[in-house]
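Before any comments, here is the structure.
The values are calculated or read from the model by the stated rules, or taken from the named source; none is laboratory data. Note that the structure is predicted; figures quoted are calculated from it, not measured. So basically every Cβ, Gly included, is an ideal-geometry build from the backbone, and we count neighbours across all protein chains shown.
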Amino acid sequence: MAAELQAASKQQQGRPPFELLAGCAVQSAERVGGGGGCGSGGAHWQLRGSRAGRAAAAVPGPPPEVQEDLGSYDAVILADAMPLVPGSAGHVSGIEAASTSLAQLARSVQAVAAQPRFALMVAFHQPLRGVPFDFASVEHSGGDAGGGGGGGKSCGSCGCGSCGTGSGGAFALVACNSSKPGRPGSGCGDSSSTGSSAGSSSSGSGDALECWVAISTAQWAWELLDRYPLVGPDGRHNPQTEQYRAAVAEELLADFRDLMAPYVQGYALPQPAYCYAQRWGRAFITEPLGAEFLFLPAQKLALCGDVAMGSGVENAWRSGRAAGEAVGRMLRAAAAS
Ligand SMILES: Cc1cc2nc3c(=O)[nH]c(=O)nc-3n(C[C@H](O)[C@H](O)[C@H](O)COP(=O)(O)OP(=O)(O)OC[C@H]3O[C@@H](n4cnc5c(N)ncnc54)[C@H](O)[C@@H]3O)c2cc1C
């Protein structure tokens, strides 16, 4: 989901009661005025960050004094746990300092168990002949991809015996993205698709590409993180630079070649037209907070998303909707009083 940290703006005369600020990276937050306790009339959230978007958050944020002013708000809904996790790409400095309740919430969020994953996207100019599936859940990998979509021709257990990385397998699932509904062309892998122009073009070259996505096991992600850490020696978020992604992509591509080797007999896996790696430091929440959403009315702050109810788009959507309704009710009640 592409939900960004959302904020419900102050109701101002002649303007809509709510305003959605999208595409911003919020990097610091301060609760100002009103004293912060119950009935803290006049208190509001002062947000700062970058209007250049989340890409800008890939590097450690500049100090608050040189961040852009993103405005003043009655209430804030955190659509992600990252703002409360120091050292993460989305950490919002100062937020947990706003109150002891928020500091407690931040501690709870940091204690939530989450699994990391790495994803590889790789595209080829030609369909991979001989691959008898367009989706494979790799059972011997010791990891659950969590929420991975089924359908298509699935081998269920690949049983190829060559997915090993010495630690039980690199990938939990592999899917031919080009075989998903609505993608240009259809049919992946299986030789029956030979000759069709399957695939989506990610390279911008205009070629019909066959595109595969592979999600690592949690175990393999932990091992990669030893070498490509989330947090640098200074305790700050280690950004996914081009160099970082290229090094991880090279390793994952080698794993992908190993996984596919038994199927693409008789020819070598071609050089990819496109190859990209993505780190997900908290990909799957394994022990969520266990509430539909969390709400600190005195601070006018809610937290929603998979951290509350558990991984999966449905959980995240239900949580976000419930949090939005609760904050909306509170703001309407305040406006009416
Ligand atoms: C590789 C992978 C594959 C998955 N496959 C599936 C699947 O097939 N089916 C399924 O149901 N689930 C799947 N999931 C899980 C699913 O994606 C998540 O459970 C879901 O996206 C959680 O939604 P969310 O809104 O809680 O958080 P997110 O989708 O993570 O959204 C949070 C948003 O907040 C933004 N944000 C964070 N900090 C800031 C900040 N400081 N300023 C501004 N914005 C900020 C982030 O950029 C992000 O856009 C998958 C997850 C991964 C990692």
Subject >> Complete set of residues in segment 110-123 that are hydrophobic (A, V, I, L, M, F, W, C) and modelled with pLDDT of 95 or more >> reply: Phe118, Ala119, Leu120, Met121, Val122, Ala123
Subject >> Extreme residue, nearest to the ligand (Cβ to nearest atom), among residues of segment 318-337 that are of a type in the set (A, V, I, L, M) and touching a residue at least 60 places away in the same chain (Cβ under 8 Å) >> reply: Ala323
**OP:** Give me the pairs, please: first residue somewhere in segment 298-317 and in contact (Cβ under 8 Å) with a residue 60 or more places away in the chain, second residue anywhere and among the basic types (Lys, Arg), beta-carbon distance under 8 Å, and either six or more positions apart or on two chains.
**Re:** Gln299/Arg31
Original post:
In the set Ser137, Ser141, which member is in contact with a helix residue (DSSP H, G or I) (Cβ under 9 Å, 6 or more places away or on another chain), among the polar types (S, T, N, Q) and at pLDDT below 95?
Top reply: Ser141
**OP:** Could you tell me whether Arg107 is modelled with pLDDT of 90 or more, over 26 Å from Gly281 (Cα atoms) and basic (Lys, Arg)?
**Re:** no
Original post:
Among Arg245, Arg257, which is the only one that is within 27 Å of Ser93 (Cα to Cα), of a type in the set (Lys, Arg) and surrounded by 13 or more Cβ atoms within 10 Å (Cβ to Cβ)?
Top reply: Arg245
**OP:** Answer yes if at least one residue in segment 261-271 is within 16 Å of the ligand (Cβ to nearest atom) and of a type in the set (Phe, Trp, Tyr), and no otherwise.
**Re:** no
Subject >> Those residues of segment 42-61 which are under 23 Å from the mean Cα position of the chain (by Cα), modelled with pLDDT of 75 or more and either surrounded by 15 or more Cβ atoms within 10 Å (Cβ to Cβ) or near the ligand (Cβ under 9 Å from one of its atoms) (or both), in sequence order >> reply: Leu47, Arg48, Gly49, Ser50
**OP:** Looking at (1) touching a His at 6+ places or on another chain (Cβ under 7 Å); (2) closer than 11 Å to Leu303 by Cβ, find the lone condition where Ala106 falls short.
**Re:** (1)
Original post:
In this structure, is Tyr274 more than 9 Å from the ligand (Cβ to nearest atom), modelled with pLDDT under 95 and either out of contact with any strand residue (DSSP E or B) (no Cβ under 6 Å at 6 or more places or on another chain) or not assigned by TED's automatic domain parsing to the domain that holds Trp45 (or both)?
Top reply: no
Original post:
Quick one: what pairs do we get from segment 108-128, first residue closer than 12 Å to Ala273 by Cα and not assigned by TED's automatic domain parsing to the domain that holds Leu294, second near the ligand (Cβ under 10 Å from one of its atoms) and polar (S, T, N, Q), C-beta under 8 Å, 6+ apart or different chains?
Top reply: Met121/Gln278
**OP:** Scan segment 297-317 and give yes if some residue there is more than 16 Å from the ligand (Cβ to nearest atom) and crowded, with 20+ Cβ neighbours inside 10 Å, otherwise no.
**Re:** yes
